[in-house]
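Scroll down for the structure; my scribbles are underneath it.
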Amino acid sequence: MYEELTEILRSSNNIVFFGGAGVSTESNIPDFRSAQGLYNAQQNYGMSPEEMLSHSFFIAKTEMFYDYYKNNLIYRDAQPNDAHKVLAELEKMGKLKAVVTQNIDGLHQKAGSSTVYELHGSVLRNYCMDCGEYYDLDYIMDEGNCEEMIPKCSKCGGTVKPDVVLYEEMLDDKQISGAVDAIRKADTLIIGGTSLVVYPAAGFVNYFGGDKLVLINKSETSFDKRASLVINDSIGKVLREAFDNL
């Protein structure tokens, strides 16, 4: 199977990678939708992650939102793993044209990828809801800039909100159009670390009309039957081995 993936990488010149939480878990960033993540949310807050990461919850209970958000979605020590690194190398070779990710950790850019469509935003970017002033992650994590866990704008005193797409919010139009355009033009689409159950992001796969659809995930997905190649294993391990054999 790895040899087949190596041959696909070798023969393709317009690859797009579509990734989910499984790419980041290999950098020790837990998936908050996992059984453990759901358990922790229920035990510590008495609610589901989906409820606490909704727009209405952010507006109504901002302090509790930030308590959950800072303790469960921020991993400043996380480093890119082999999946991130191989994708960045494929981009440098001119083979990979874009990464489309559902993750919010910025690790693809940290690894060196330049064309990254972040469907759900990024924890690294934050904006004042009143004046639009930009703040980085360090600013919102600094308690000196917060009132009861809530980061406040140094210019106008407004509440600072992460540039992360919360439940009940729409995806960014520019990220959608860029991702869809890249997928449409791709000759190979590699999907990794996602079970393809989160919509509308999972529906983006339907825009692919290229030659090779590759699915790399530890468990089965509903798209497996449509794929040219399915590998049920660690995304980082698979990409590294296939790339090293190029």
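The values are calculated or read from the model by the stated rules, or taken from the named source; none is laboratory data. In this text, all values refer to a predicted model and were calculated from it rather than measured experimentally. Backbone-built Cβ (ideal geometry, glycine too); neighbour counts: all protein chains shown. Calculation scope for accessible area: heavy atoms of the full protein, side chains included, ligands and nucleic acids excluded. Shrake-Rupley method; radii C 1.70, N 1.55, O 1.52, S 1.80 Å.
Annotations
- For the range 110-246, a crude dipole built from +1 on the beta carbon of Lys and Arg and -1 on the beta carbon of Asp and Glu, taken about the Cα centre, is about 620 debye to the nearest 20.
- Calculated [222 nm] ellipticity per residue, helices only, for the chain: -10000 deg cm²/dmol; basis is -39500 (n - 2.57) per DSSP H run with n ≥ 4, divided by all residues, nearest 500.
- When the trypsin sites (Lys or Arg not before Pro) in the range 56-102 are filtered for DSSP coil states and for at most 12 other beta-carbon atoms within 10 Å of their beta-carbon, the remaining sites are 76.
- Given 92/237; 95/218; 174/218; 174/237, the pairs whose alpha carbons are separated by over 22 Å: 95/218; 174/218; 174/237
- Judged by the gyration tensor of its Cα atoms, with axes a ≥ b ≥ c, the range 40-126 is prolate; a/c meets the 1.5 cut and a/b is the larger of a/b and b/c.
- Placing +1 on the Cβ of every Lys and Arg and -1 on the Cβ of every Asp and Glu, with no other charges, gives the range 191-246 a dipole of roughly 80 debye about its Cα centre.
- Residues of the range 1-26 with amide N under 18 Å of a point placed 7 Å along Cα→Cβ from residue 211: 3-17
- The chain - share of DSSP beta bridges that are antiparallel (%, nearest 5): 30
- Area accessible to solvent at residue 211, 1.4 Å probe radius, in Å²: 110
- What you get for the chain, charging only the Cβ of Lys and Arg (+1) and of Asp and Glu (-1), is a dipole of about 600 debye around the Cα centre.
- Around the amide H of residue 126, modelled in the peptide plane, lie the amide H atoms of 135, 163, all under 5 Å away and 5 or more residues distant in sequence or on another chain.
- Among 229, 104, 121 the positive-end extreme of the charge dipole of the chain (Cβ point charges): 229
- Extending 7 Å from the Cα toward the beta-carbon at both residue 226 and residue 70 defines two label points whose distance is 4.2 nm.
- The slack between residue 131 and residue 185, meaning 0.36 nm per residue of separation minus the straight C-alpha distance, is 15.7 nm.
- Applying 1/(1 + (r/R0)^6) with r as the Cβ-Cβ distance of residue 48 and residue 156 and R0 = 41 angstrom yields a FRET efficiency of 0.80.
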